Amino acid sequence: MDAPTLTMLDTLNTRGHQASERHIFHPAPIPCFGDYYAVARPILMFHLRNLMPHIHAPGLVLRFDPKTLAAQGATYTGKDDVELSAQQYFVCIETNAKDALWVPLFPGPGPGRKGIPTTAKSGHSRWTKSSSFYDSAQVCRIAHKAAHKAAEVAYDESSPKSPSRMLPAQLPPRSEFPDDAAFRPMAGNVAIR
């Protein structure tokens, strides 16, 4: 463990802190038999990784929970009968100050789907080793805060220091997808599981 993290743990272990700060490290008191760091280290690292948001930029790949996206007001294009799984990869193709366009990626081929070459992928091994396809009829508009929440719920394994990405040259162009008039709310889509 690096020195700043140990210093942070020592500081929190020896100084008084608010109840809400204690909750960040463990939700209930954990009996410590021996090494305090053996208990606190994994919990601290999990929370620090998940509290730091990604910079949403074209090519970023995150795993989202579609139910969370729907609850957070995301919109989408495409058919309602295309099933989105609870841990679905999405790639960002366009972004602005408040939201971004994300394309859902599917693990298998299907009607109208185009493949993404594995050479275009970098980042976490779960992303780079899986096959990926996209449908040019489907794109989602997702607020940045909703994207962060949906990635947290889906246990996305990338981090800001080691993001899962797709090469910009291999990104599907925005012109390949429906225009802004085709977007409708994700809430109410029964194909989201």
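Taking the range 116-169, which residues are closer than 16 Å to VAL103 by Cα and polar (S, T, N, Q)?
Those that are closer than 16 Å to VAL103 by Cα and polar (S, T, N, Q): SER131, SER132, SER136, GLN138, SER164.
Scanning the range 159-174 for residues that are within 13 Å of ALA57 (Cβ to Cβ) and of a type outside the set (A, V, I, L, M, F, W, C), which turns out farthest from the chain's Cα centre (by Cα)?
Step by step, filter the range 159-174, then rank; the result is PRO168.
State all residues of the range 127-137 that are closer than 19 Å to GLY78 by Cα and buried (at least 22 other Cβ atoms within 10 Å of the Cβ); if no residue qualifies, say none.
SER132, TYR134
Counting just the residues of the range 138-182 that are among the small types (Gly, Ala, Ser) and in a helix (DSSP H, G or I), which one comes out surrounded by the most Cβ atoms within 10 Å (Cβ to Cβ)?
ALA147
Return only the number of the condition from (1) more than 16 Å from PRO178 (Cα to Cα); (2) surrounded by fewer than 16 Cβ atoms within 10 Å (Cβ to Cβ); (3) out of contact with any helix residue (DSSP H, G or I) (no Cβ under 7 Å at 6 or more places or on another chain); (4) modelled with pLDDT under 90 that GLY115 does not satisfy.
(4)
The values are calculated or read from the model by the stated rules, or taken from the named source; none is laboratory data. Because the structure is predicted, anything quoted here is derived from the model rather than measured. Every residue, glycine among them, receives a Cβ derived from its backbone with ideal geometry; neighbour counts consider all protein chains shown.
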